[in-house]
1. Could you list all residues from region 53-67 that are closer than 15 Å to I19 by Cβ, open to solvent by 30 Å² or more (accessible area, probe 1.4 Å) and either assigned to a loop (DSSP other than H, G, I, E, B) or among the hydroxyl-bearing types (S, T, Y) (or both)?
2. Checking the conditions here, which among L53, L33 is of a type in the set (A, V, I, L, M) and without any contact (Cβ under 8 Å) to a residue 40 or more places away in the chain?
3. Take the residues in region 129-168 that are over 24 Å from S51 (Cα atoms) and in a loop (DSSP other than H, G, I, E, B); name whichever of them is most open to solvent (accessible area, probe 1.4 Å).
4. Starting from residues that are of a type outside the set (A, V, I, L, M) and within 12 Å of the chain's Cα centre (by Cα), keep the ones in region 13-36 and report whichever is nearest to E111 (Cα to Cα).
5. Considering only region 91-111, I want to know if a residue exists there that is touching an Asp or Glu at 6+ places or on another chain (Cβ under 7 Å) and assigned to a loop (DSSP other than H, G, I, E, B).
6. Checking the conditions here, which among D75, D91, D45 is closer than 14 Å to T123 by Cα and without any contact (Cβ under 8 Å) to a residue 40 or more places away in the chain?
7. I'd like to verify a number: residues in region 70-85 that are under 16 Å from V52 (Cα atoms) and within 15 Å of the chain's Cα centre (by Cα), how many?
Amino acid sequence: MLIDRYFMPDRYFDDIYSIDPAFLKRQGIRAVLLDIDNTLVTYDDPKPTPSVLAWLTALADRGIAAAFISNNHKDRVECFNAELGFFATWDSGKPSGKCYRAAMKHLGTDESNTAVIGDQVFTDVWSAKRLGLYCILVKPIKDKTSLFFRAKRALEKPILRRYAKQHGENIK
């Protein structure tokens, strides 16, 4: 089914802190390509929070590299990444795969050992699945309330219900 092939995450977690680096290692993951806004922090957080920094450190301690792939603008991404110095792209055009491929090339990984972690089905999941990458969806931290975002989240609901049914989970 088309929905399963392109829009169904491999895993769905409440937040990034529920994603244990040991779990990623067991999946053969050597690098994660991360969305920033609503995945790691809210749109209002200009820098990584101490808990995000601790989670990123836990990844590195397990030998898992990280990069940021964001549709937000250069100033936002550079400010967020200033102290980390990770490979990062902005205005990435997700669901385009161009920036994901650039990140994998930079990190020395490929489709077999790279995961995407994000909060949106029609950007993060779709781009990951199109490229054959392992995809983890997390619940958005704090959604924007614009009509566009509300409509997008409404379109995601049937996909998340299907995920829940297939995985025996209760998703709200």
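The values are calculated or read from the model by the stated rules, or taken from the named source; none is laboratory data. All figures in this text were calculated on a predicted structure; none of them were measured in a lab. Neighbour counts run over all protein chains shown; Cβ positions are idealised from the backbone, glycine included. For accessibility, only protein heavy atoms count, side chains too; no ligands or nucleic acids. Shrake-Rupley method; radii C 1.70, N 1.55, O 1.52, S 1.80 Å.
1. T57, R62
2. Details: L33 fails: without any contact (Cβ under 8 Å) to a residue 40 or more places away in the chain.
None of the others qualify; the one that does is L53.
3. So, considering only residues that are over 24 Å from S51 (Cα atoms) and in a loop (DSSP other than H, G, I, E, B), the one most open to solvent (accessible area, probe 1.4 Å) is T145.
4. Restricting attention to region 13-36, the residues satisfying the condition of being of a type outside the set (A, V, I, L, M) are 13-15, 17-18, 20-21, 23, 25-28, 30, 35.
Okay, now just the ones that are also within 12 Å of the chain's Cα centre (by Cα), so 13, 15, 35.
On the way: F13: 21, D15: 23, D35: 17 Å.
Only one residue tops the list, namely D35.
5. At the first step, the residues of region 91-111 found to be touching an Asp or Glu at 6+ places or on another chain (Cβ under 7 Å) are 94, 104.
Checking the rest, the ones that are also assigned to a loop (DSSP other than H, G, I, E, B) come to 94.
The answer is yes; a qualifying residue exists.
6. Numbers: D75 fails: closer than 14 Å to T123 by Cα; D45 fails: closer than 14 Å to T123 by Cα.
Answer to the check: D91.
7. Looking only at region 70-85, we keep the residues that are under 16 Å from V52 (Cα atoms), and these are 77, 79-85.
Next cut, within 15 Å of the chain's Cα centre (by Cα) only: 77.
So the answer is 1.
The rows are residues; the columns are (1) on the phi > 0 side of the Ramachandran plot; (2) of a type in the set (G, A, S).
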{"position": "L34", "(1), (2)": "no, no"}
{"position": "G63", "(1), (2)": "yes, yes"}
{"position": "A67", "(1), (2)": "no, yes"}
{"position": "N71", "(1), (2)": "no, no"}
